[in-house]
Each structure stands twice: as structure tokens, then as C-alpha cells.
Amino acid sequence: PFSANKTKKKSKRGSLKGLPSDWRAQLFLSLKPSDQLKAAVLILSGCRPAELKKGVFVRRDGDAFNFKIEGAKVSELTGAGQPERTLRIKAEPILGKAITDHLLEMISAHGDEMTIQDADPNRAFEKRLSRAGQKTGLYNVSPYSLRHQFSADLKGEVEPDQVSLALGHVSVK
């Protein structure tokens, strides 16, 4: 039914409000080493948690990372989503030199390429990531907050159609 009182839609990026500029580095450092690579993939690629569950291929490319992501929201019926996307990301502007060097070493230890996957049952990694944020004073941070920050960062740097492609969308909408 028609309602004269339209409620304002809550922003998906509400969890980003008031966070310090280095909040992703703080979150990364607050995680156990066993969760850091998974978090780095979410931070640097903006992939969905469901895409991380499928596994994200990462290759070191000098001081950058190449990511190959299998899309999670793909529908032949509606034409939604990209089946696969690749991204090349420099981590240092996002996470700083020390963390980037640490990540580059971790990937190099695996022959400069590896598949990083969240195989934890019952969204355990996602819950640990949110709890680590709370312990660090980063409230309401979730894996999707990392995706939203990735999107916000891109919006200031590239054309809207490039943002959509990087996020795995088919449409700019």
C-alpha cells in the first residue's frame, strides 16, 4: 500500500562513518596471522565473502598483487554479475609499506602465487574479523565494510563503469 511517510533507506556504507583513515591496517594487524591473508584479499580486492569462500587466486606482480575472482552473484537468467574478474592492486597506499612487504613475503613463500580461500564453516572467519574490529575500537565493521571502502576508494579514482567492473557488477547501476 501507498505510504505518505517514506523512510530514508539506510546507506550500506554506514559502517564506514567515523573510521580513522588507517582503519583497514589496524584491523589487519589485530587479526591472527592465520586470518591475515584472507583479510588482505577482502581489503585489497573488494571481493564478496562468498567469493572468498570459492577461493581467490593471487599472484605477486612486483610490488602489486593480481587477483582472479570467480563471481558469486552471477545469474544466466537475469544476466547479473560477472563470472570472473581480474584486478591488479598496489597494496602500499592502502595498508602501508610494512604490511605490504609482509604480504609480499607471504605470497613469495608460496612461489609468488596461491589461492586464498575461506574454508571456515558457519562464517567463522567473518565473525572473527568483526570481533577483531570491535576489540580494536572499530565497531560495526564487517567483511562487507571492506568491500564498501574498496568501492568508495575507487569512486574517487576511476570512471563509474570501472568501479562496477571491479566490484563484479555488469551494470553501472
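The table that follows gives values for the structure above.
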item: Tally of residues being in contact with an Asp or Glu (Cβ under 6 Å, 6 or more places away or on another chain) and in a helix (DSSP H, G or I) across the range 139-173; result: 1
item: Of all residues making up the range 114-154, the number that are farther than 24 Å from Asp61 by Cα and either touching a strand residue (DSSP E or B) at 6+ places or on another chain (Cβ under 9 Å) or not aliphatic (A, V, I, L, M) (or both); result: 22
item: Residue count for the range 102-114, restricted to those that are of a type in the set (D, E, K, R) and open to solvent by 80 Å² or more (accessible area, probe 1.4 Å); result: 1
item: Qualifying positions in the range 86-141 - touching a Leu at 6+ places or on another chain (Cβ under 7 Å) and small (Gly, Ala, Ser); result: Ala91, Ala132, Gly133
item: Criterion violated by Leu104 - all others in (1) within 16 Å of Arg48 (Cα to Cα); (2) assigned to a helix (DSSP H, G or I); (3) at pLDDT 90 or above; (4) of a type outside the set (S, T, N, Q) satisfied; result: (1)
item: Residue tally, condition over 17 Å from Lys17 (Cα atoms) and either open to solvent by 40 Å² or more (accessible area, probe 1.4 Å) or without any contact (Cβ under 8 Å) to a residue 60 or more places away in the chain (or both), over the range 115-153; result: 12
item: Hits in the range 54-87 (condition: basic (Lys, Arg) and over 20 Å from Met106 (Cα atoms)); result: Lys54, Lys73, Arg85
item: Selection count where residues are more than 13 Å from the chain's Cα centre (by Cα), assigned to a helix (DSSP H, G or I) and surrounded by fewer than 17 Cβ atoms within 10 Å (Cβ to Cβ), scope the range 30-82; result: 3
item: Selection count where residues are surrounded by 17 or more Cβ atoms within 10 Å (Cβ to Cβ) and either over 15 Å from the mean Cα position of the chain (by Cα) or not in a helix (DSSP H, G or I) (or both), scope the range 83-101; result: 6
item: Any hit, the range 118-130, residues being aliphatic (A, V, I, L, M), under 21 Å from Leu27 (Cα atoms) and either assigned to a helix (DSSP H, G or I) or touching a helix residue (DSSP H, G or I) at 6+ places or on another chain (Cβ under 7 Å) (or both); result: yes
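The values are calculated or read from the model by the stated rules, or taken from the named source; none is laboratory data. Quick caveat: nothing in here was measured; it's all calculated off a predicted structure. For neighbour counting, all protein chains shown are included, and Cβ atoms are generated from backbone atoms with ideal geometry for every residue, glycine included. Protein only, heavy atoms only, side chains kept; ligands, DNA and RNA dropped before computing areas. Shrake-Rupley method; radii C 1.70, N 1.55, O 1.52, S 1.80 Å.
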